Amino acid sequence: MGTLVSCKGDKRNQIALLFARLIEEEILICSGGKGHWPVLEKCFVDEYQKSLSKSFSKLLSKLKKSGEKNSGIFDEIEQLIKDLKK
């Protein structure tokens, strides 16, 4: 049985972007192509123990399209990635 990670529902964008960046930077290595998204979708739950997102990849796509509107999220994640690489 896996582990559930509880996360406030309003932080789902940060979670999706963080994992995408961790994988891009090869800080987190996942085998099986894009198969990591369904695993993450099953592991993350909101404060009510419901799935944080049914499609992290769609969530990430929408987030990237909104760009400037959510620039703070991108800045926050980039700072985390910088800190991890130190």
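Inside the stretch 75-86, can you point out the residues that are farther than 14 Å from K11 by Cα and open to solvent by less than 30 Å² (accessible area, probe 1.4 Å)? Scanning the stretch 75-86 gives a single hit, I81. Inspect all residues belonging to the stretch 7-15 and state whether any of them is in contact (Cβ under 8 Å) with a residue 60 or more places away in the chain and acidic (D, E). No. The criterion of being within 12 Å of the chain's Cα centre (by Cα), open to solvent by 30 Å² or more (accessible area, probe 1.4 Å) and at pLDDT 85 or above holds for L18.
Residues in the stretch 29-74 that are open to solvent by less than 60 Å² (accessible area, probe 1.4 Å) and part of a loop (DSSP other than H, G, I, E, B) were compared, and the one that is farthest from S6 (Cα to Cα) is C30.
The values are calculated or read from the model by the stated rules, or taken from the named source; none is laboratory data. No experiment lies behind these values; they were computed from the predicted model shown. Here the Cβ is made from the backbone with ideal geometry for all residues, glycine too, and neighbour counts use every protein chain on show. For accessibility, only protein heavy atoms count, side chains too; no ligands or nucleic acids. Shrake-Rupley method; radii C 1.70, N 1.55, O 1.52, S 1.80 Å.
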